[in-house]
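Here, each number is a calculation from the coordinates, and none is a lab measurement. Nothing here was measured: the structure is a model prediction, and the numbers come from that model. All Cβ positions, even for glycine, are placed from backbone atoms using ideal geometry, and neighbour counts span all protein chains on display.
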Amino acid sequence: MNACACMGKIGNDPYCPCEMNRKGLKVSITESWISPELFDLLSDEDKNTINDLKFKAVTMALCKQNVSND
C-alpha cells in the first residue's frame, strides 16, 4: 500500500492530488480526501469528528467573509 494525500485508490481517481502532481497538473485540492471505502472503516466517532471539523471550517470561513463584506 502506498501513502497518498487523498487516502484513496492511488491513480484511479482523476482528482487524486498525487497523480495530478505527478502529471504536472495544478493541484486544486487543499485538504486530504478519504475514499468512501476507507471512510466506512472509521468508527462513528471518528466520522463525526471529521464532519464536525469540516463544518467548523465552513462556518468560520462564512463568518470571516461576512465580516470582510461589512
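Per-structure values
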item	result
In nm, spacing of pseudo-spin labels at VAL58 and VAL27 (7 Å Cα→C-beta vector)	2.4
Net lengthening on full extension, LYS47/ASN66 (0.36 nm per residue, minus Cα-Cα)	4.0 nm
Peptides 52-59, 18-25 ordered by average Cβ neighbours within 10 Å, highest first	18-25, 52-59
